[in-house]
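Throughout, read-outs are computed from the coordinates displayed, never taken from laboratory work. Model, not experiment: these values are computed from the prediction. FYI the Cβ positions are ideal-geometry reconstructions off the backbone, even for glycines, and counts take in every protein chain you see.
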Amino acid sequence: MSDNEKRLSTTEYPLQTLSPVIKPENITRYKHLQAKAVSHYVKKEYDRLMEQAQVIIKQLGDLERRVKITEMIENSRYRFKPIPGSIYHLYSTTTKHPYVLSMFAEDEWAVGVPTTHTWVASVEKLGDGTWEIITVSDKHESLFAS
């Protein structure tokens, strides 16, 4: 193959009138396909990020609820050191302190729940120092809504 033939076969454009026709690619179609692919990718990423955001928002709500419960319990009256992993019972009272934390459930009192106490919730002390609600009375559920 001569140098001239090599040059003719390697150029991107015709060098002679008898060379094969070179049609330019349809750039408009290419751009449309690229825009469609990018749009599809962006939508998938947006949906994925929104899903993650919903999880984070839920976790934030749960954390706020735990902080609220913890503040309520820490401001209540109790005379023992709560152990993480144990379940305790929160009562509202008509006495000086609005809430009392007890080791006794409603059915565990020897002579019954004192008349000044109303069961609010059963709670568990978590290892990080916060509290989690196990069960709550229907009457007091609005106290712990997040």
Per-residue ³J(HN,Hα) for the range 70-85, Karplus 6.51 cos²θ - 1.76 cosθ + 1.60, θ = phi - 60°, Hz, x for Gly and Pro: 4, 4, 4, 6, 5, 8, 7, 9, 7, 10, 8, 9, x, 9, x, x
Residues LEU126, LEU49, LEU101 arranged by fewest to most Cβ contacts within 10 Å: LEU49, LEU126, LEU101
Anisotropy class of the range 34-76 from Cα gyration tensor, a/c 1.5 cut: prolate
Exposed GluC sites (Glu not before Pro) absent - longest run of the chain, DSSP non-H/G/I/E/B, at most 13 other C-beta within 10 Å: 26-146
Descending Cα extents along the principal axes, the range 75-138, whole Å: 33, 24, 24
Largest-first principal axis extents of the Cα set of the chain (Å): 112, 29, 24
DSSP-loop trypsin sites (Lys or Arg not before Pro) across the range 22-90, with at most 13 other Cβ within 10 angstrom: ARG79
Sparse-neighbourhood loop sites, chymotrypsin sites (Phe, Trp or Tyr not before Pro) in the range 13-120 - DSSP loop, at most 14 other Cβ within 10 angstrom: PHE80, PHE104, TRP109
Length-normalised contact order for the chain - Cα pairs under 8 Å, 6+ apart - percent: 19
